[in-house]
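The following block contains the structure, expressed as structure tokens.
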Amino acid sequence: MAEVKLHGAWASAFCYRVIWALKLKGIAYDYIEEDLSNKSALLLKYNPVHKKVPVLVHDKKSVCESIVILEYIEEMWPHNPSLMPRRKELIYQNSIGVLLFISPGATVWKKFCSVQDQESTMKEILEMLKTVEEHGLGEKKFFHGDIGLVDIAFASIVYWLQIIEDVARFENFKRVREIEENLPNRDELLGFFKRSREKLVASSSLH
């Protein structure tokens, strides 16, 4: 039995951030799929405040929030590949890069749930991603030369927006074996979100 456990949901971009990091580090773990409509007692125990996934459990200690989990993984298992830049001058840039991919989460959810203004919201997200790609990546394959935390945060947004073709640099990330082998099926993911949005729209029309 692995000493590391991950409570997640297969359609969650935030959970895949953690899966990718664990796979890149070669860390063995047990995965527990959570039914978010009927949350398990363990999930409620390990994340009693927000009751959300992902939750990483390491030696009975729980860590919540995907970016916090990635930082914890790097702290506990600092061996290669390092998810954080080694050069001091890049650490600040890394922090800014991570923040860029935390705030869009609310915007993406707004687009997903809203019946109106979806076109303008999607345009805003696309422009943001292209700006980050142009000025952050440039001609590099990854943000800091090697695959790391910012790449993981960036790719999780790109893939779940189904715009891989519009952000070409994602191909470099996807070609990494540990990533390619741990991507959810695109058609199944798209079907899941279509059904979820239909339920949300139907529910909102009743109010």
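Please return the ranges of helices (runs of 4 or more DSSP H) entirely within the range 148-207 where 2 or more residues are of a type outside the set (A, V, I, L, M, F, W, C), surrounded by 11 or more Cβ atoms within 10 Å (Cβ to Cβ) and at pLDDT below 70.
Output list reads 186-205.
When the residues of the range 20-72 are filtered to those that are of a type in the set (S, T, N, Q) and in contact with a helix residue (DSSP H, G or I) (Cβ under 7 Å, 6 or more places away or on another chain), which remaining residue is modelled with the highest pLDDT?
SER62
Of all the residues that make up the range 1-15, how many are at pLDDT below 95 and touching a Phe, Trp or Tyr at 6+ places or on another chain (Cβ under 8 Å)?
3
Continuing with the same structure: So LEU56 passes all but one of these: (1) closer than 30 Å to LYS199 by Cα; (2) surrounded by fewer than 18 Cβ atoms within 10 Å (Cβ to Cβ); (3) within 17 Å of the chain's Cα centre (by Cα). Which condition number does it fail?
With (1) closer than 30 Å to LYS199 by Cα; (2) surrounded by fewer than 18 Cβ atoms within 10 Å (Cβ to Cβ); (3) within 17 Å of the chain's Cα centre (by Cα) applied to LEU56, the lone miss is (2).
Are any residues in the range 10-53 surrounded by 15 or more Cβ atoms within 10 Å (Cβ to Cβ) and charged (D, E, K, R), and if so, which ones?
Correct list: ARG17, LYS23, LYS25, GLU34, LYS39, LYS52.
The values are calculated or read from the model by the stated rules, or taken from the named source; none is laboratory data. Keep in mind it's a predicted model, so treat the numbers as computed, not measured. Neighbour counts are summed over all protein chains in view; Cβ atoms, including those assigned to glycine, are modelled from backbone coordinates with ideal geometry.
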